[in-house]
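Only one structure is covered here, and it is reproduced in the block below.
The values are calculated or read from the model by the stated rules, or taken from the named source; none is laboratory data. Given the structure is predicted, the values throughout are model-derived calculations rather than measurements. Cβ sites come from the backbone with ideal geometry, for glycine too, and all protein chains shown count toward neighbours. Ligands, DNA and RNA are stripped out before the accessible areas are found, and what is left, the full protein with its side chains, is counted by its heavy atoms. Shrake-Rupley method; radii C 1.70, N 1.55, O 1.52, S 1.80 Å.
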Amino acid sequence: MVNDHEIEILLNDLYEVHGYDFTDYSRASLRRRINRLYELDRFPSFAEFRYKIKKEPDYLKRFVEEITVNVTEMFRDPLFYKTIRTEILPVLATYPLIRIWHAGCSTGEEVYSMAILLKEANLLHKSLLYATDINPDVLQTGMNGIFPLTHMKQYSENYITSGGTNDFSTYYSAKYNFAKFDEQLRSKVIFATHNLVSDHSFNEFQLILCRNVLIYFERDLQNKVYALFDQSLESLGFLGLGNKETLRFSPVAEKYKQLNKQKIWRKIA
């Protein structure tokens with residue numbers, strides 16, 4: 001087991017040697033994930049674990065992959081997407097160019113979900129979706145647009161619950177147990193690495209989605225990210241969060257109004 005003091009040593013190494021700042025991530029989450037990896041890879045000592053993280057790029061990549069959270073699915077929380085479909089897209093339709101940021105997008109399933117919504121609303125042609133994550137390997141999966149075929153049944157059910165009326169299988173082609181999504185959906189997406197902890201705003205958006213990422217951050221870091229989103233969001237723009245996340249106690253809360261129970265806020269000031 002890696003103890004709390006050793007975790008602090010690792011976090012310091014990650015920042016000083018590699019530039020990754022995990023110091024304000026939830027300690028409980030980090031402790032659980034680091035110890036899982038330590039036991040999985042059967043390290044005989046903390047010193048060897050630390051050495052591999054500091055000195056071996058391939059193992060550093062594995063470490064970062066394991067302690068960052070990459071759990072996602074298409075049309076996750078379908079009623080959230082139903083709200084996007086019925087209440088948000090009609091507003092965005094009034095803009096000449098729609099800019100959407102998926103922050104912490106992981107492997108990109110939710111990005112493709114949004115592209116499908118935009119296509120069905122005849123808005124994809126005038127949209128740009130920015131999909132960012134700290135982890136370049138999960139972004140590559142998103143760029144490829146290839147996901148396990150076994151997931152499609154759940155994704156199709158989510159899609160229908162979100163208000164979708166097409167045959168979901170028209171959006172991908174199946175081959176060798178994988179589903180490759182339509183290149184037209186991918187064509188309006190810009191995938192790029194971005195660190196919510198240390199990187200700055202890079203554009204102005206009408207909609208920002210960051211779902212089930214901030215629950216792994218301590219309060220101070222959450223507030224820093226909310227400030228980044230506020231800086232990046234146009235007046236009257238929308239911010240979508242995960243089920244267990246809220247703007248309510250953040251320093252920017254008074255500038256936003258919650259639309260409904262689906263964790264979507266609108267910037268009013």
Work out the charge dipole of the chain with +1 on the Cβ of Lys and Arg and -1 on the Cβ of Asp and Glu about the Cα centre, then indicate which of Ile53, Ala93, Tyr25 is farthest towards its positive end. Ala93
Whole-angstrom gap from the stretch 10-37 to the stretch 144-222, using each part's C-alpha centre: 26
Charge sum, other residues only, whose C-beta stays under 12 Å from Ala115's C-beta, Lys/Arg counted +1 and Asp/Glu -1: -2
Could you tell me whether the chain comes out rounded, prolate or oblate from its Cα gyration tensor? Rule is a ≥ b ≥ c as square roots of the eigenvalues, rounded for a/c under 1.5, then prolate if a/b exceeds b/c, otherwise oblate. oblate
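Taking the solvent-accessible surface of protein heavy atoms with a 1.4 Å probe, what is the per residue accessible area of the chain in Å²?
Using a 1.4 Å probe on heavy atoms only, each residue of the chain averages 48 Å².
Would you tally the net charge around Leu139, using a Cβ to Cβ cut-off of less than 12 Å, leaving Leu139 out, and scoring K and R as +1, D and E as -1?
Numbers: positive: none; negative: Glu65, Asp133, Asp137.
Charge balance near Leu139 sits at -3.
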Using a cut-off of 12 Å between beta-carbons, work out the net charge of the residues near Leu128 (Lys and Arg +1, Asp and Glu -1, Leu128 not included). +2
What order do Thr193, Thr132, Thr165 take when sorted by accessible area (1.4 Å probe), most exposed first? Thr165, Thr193, Thr132
Using a 1.4 Å probe on the protein chains only, how many percent of the accessible area of the stretch 156-215 belongs to carbon and sulfur? 49
Overall form of the stretch 124-170 per C-alpha gyration tensor (a/c, 1.5; a/b vs b/c): oblate
Cα-Cα longer than 21 Å, checked against Lys224/Lys255; Lys224/Lys267; Lys55/Lys224; Lys119/Lys257; Lys82/Lys119; Lys180/Lys263, kept in input order, equals Lys55/Lys224; Lys119/Lys257; Lys180/Lys263
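Just the number, please: carbon plus sulfur as a percent of the accessible area of the stretch 1-94, 1.4 Å probe, no ligands or DNA/RNA counted.
48
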Which aspartates and glutamates does Lys126 reach when only Cα atoms under 20 Å apart count, and residues fewer than 8 places away in its own chain are ignored? Glu87, Glu110, Asp182, Glu183, Glu204, Glu234
Heavy-atom accessible area of Asp167, protein chains in place, probe 1.4 angstrom, given in Å² to nearest 10, is 90
